[in-house]
1. Which count do you get for residues in the stretch 205-237 that are within 15 Å of the ligand (Cβ to nearest atom) and out of contact with any Lys or Arg (no Cβ under 9 Å at 6 or more places or on another chain)?
2. For the stretch 160-170, give me the residue count where each residue is of a type in the set (A, V, I, L, M) and either within 16 Å of the ligand (Cβ to nearest atom) or under 14 Å from the mean Cα position of the chain (by Cα) (or both).
3. Is it the case that the stretch 6-26 has a residue that's assigned to a helix (DSSP H, G or I), among the charged types (D, E, K, R), modelled with pLDDT of 95 or more and surrounded by 19 or more Cβ atoms within 10 Å (Cβ to Cβ)?
4. Looking at the structure I just gave you, is Thr81 in a helix (DSSP H, G or I), within 30 Å of Cys221 (Cβ to Cβ) and of a type in the set (S, T, N, Q)?
5. Please verify whether the stretch 223-238 includes one or more residues that are outside any loop (DSSP other than H, G, I, E, B) and at pLDDT below 95.
6. Give the residues of the stretch 130-159 that are of a type in the set (Gly, Ala, Ser), more than 10 Å from the ligand (Cβ to nearest atom) and out of contact with any Asp or Glu (no Cβ under 6 Å at 6 or more places or on another chain), sorted by residue number.
7. What helices (runs of 4 or more DSSP H), lying completely within the stretch 125-219, carry at least 3 residues that are touching a residue at least 40 places away in the same chain (Cβ under 8 Å) and of a type in the set (Gly, Ala, Ser)?
8. Given the criterion within 16 Å of the ligand (Cβ to nearest atom), buried (at least 22 other Cβ atoms within 10 Å of the Cβ) and within 16 Å of the chain's Cα centre (by Cα), identify the matching residue among Leu79, Leu106.
Amino acid sequence: MNLDTIPSSTVRNPAIHPALTDALRAAVAAKTAAAQDFLAGAAAEFGEALTFANSLGAEDVVLTDMLSSARLPVEIFLLDTGRLPAETYALLAELETRYHTRFKLLFPEAAAVEAYVRAHGINAFYESAALRRACCRVRKLEPLQRALAGKKAWITGLRAAQSPTRDGLAQRETDTAHGLVKLNPLADWSETEVWTYIRLHDVPCNALHERFYPSIGCAPCTRAISLGEDLRAGRWWWEAPESKECGLHDKNLRNKAVADDGSHET
Ligand code: SF4
């Protein structure tokens, strides 16, 4: 990674300002109608047993807007790891104001965070993949288990084109790791289509996107990407592309994490 190739903060990020051509508007309108039908069907099928894991990424603000504009009674939850960027908290507050709602926030267990930091250090995730996964397990996976408890299905903003680890993603999957149905309404959307929706509907988004952060997680584990890099290249950039999941959406890594410490995170 050559830091000199990261665009300057004064350069407008073209990826998030697509030219809103008639063809693109029509394509996004058709996909929007299909996604809203999909969400309405999911809400009818699962009722209160459906929840939406909102990470406040570009795809997730699109889904938030779709659910809110259709007044679908779907619970929206967020995992606050305690290490999120200030820009993400600002967006959270902005979305709550816009949609007149309070999202359900889940925090890590304080004792587990304290034990991890005491044993390994505040930034131990840089030291090894095992310690990185252990941090994600404490700050994300355990709260996710609580969020999904008692649910039958969950909605995510995953897209197939986001990374090699998400290739072949379907709109509806069986999430064997959690014993749930996993719904990915935007599985076949492109990045350009996501941003077209955001611009057409004036949806609030994370200020870091303008600074070349297409995928935003915890502050110490996210950086800007260079032009032409994979969209998730800025997440855990010190690790191999094939391992770039936090465990929320990759059962192979979950199994690896279980093997690492003998615990059962899912
Ligand atoms: S993304 Fe980084 S800081 Fe956040 S939980 Fe995972 S390892 Fe920890």
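1. Total satisfying the criteria: 1.
2. First, pick out the residues of the stretch 160-170 that are of a type in the set (A, V, I, L, M): 160-161, 169-170.
Subsequent filtering for residues that are either within 16 Å of the ligand (Cβ to nearest atom) or under 14 Å from the mean Cα position of the chain (by Cα) (or both) retains 160-161.
Adding up the residues that qualify gives 2.
3. We begin by selecting, within the stretch 6-26, every residue assigned to a helix (DSSP H, G or I); these are 14-16, 22-26.
Narrowing the set further to residues that are among the charged types (D, E, K, R) leaves 22, 25.
With modelled with pLDDT of 95 or more added as a condition, the list becomes 22, 25.
Imposing the further condition that a residue be surrounded by 19 or more Cβ atoms within 10 Å (Cβ to Cβ) reduces the set to none.
Checked the stretch 6-26: no residue is assigned to a helix (DSSP H, G or I), among the charged types (D, E, K, R), modelled with pLDDT of 95 or more and surrounded by 19 or more Cβ atoms within 10 Å (Cβ to Cβ).
4. On the way: in a helix (DSSP H, G or I): no; within 30 Å of Cys221 (Cβ to Cβ): yes; of a type in the set (S, T, N, Q): yes.
No, not satisfied.
5. Restricting attention to the stretch 223-238, the residues satisfying the condition of being outside any loop (DSSP other than H, G, I, E, B) are 235.
If we keep only those that are at pLDDT below 95 too, we end up with 235.
Yes, the stretch 223-238 has at least one match.
6. Passing the criteria: Ala147, Ala149, Gly150, Ala153.
7. Working: elements: 129-136, 142-148, 191-200.
Counting at least 3 such residues, we get 129-136.
8. Details: Leu106 fails: buried (at least 22 other Cβ atoms within 10 Å of the Cβ).
Of the residues listed, the single one that is within 16 Å of the ligand (Cβ to nearest atom), buried (at least 22 other Cβ atoms within 10 Å of the Cβ) and within 16 Å of the chain's Cα centre (by Cα) is Leu79.
The values are calculated or read from the model by the stated rules, or taken from the named source; none is laboratory data. The structure presented is a predicted model; accordingly, all values stated were derived computationally and were not measured. Virtual Cβ from ideal backbone geometry, glycine too; neighbours counted across all protein chains shown.
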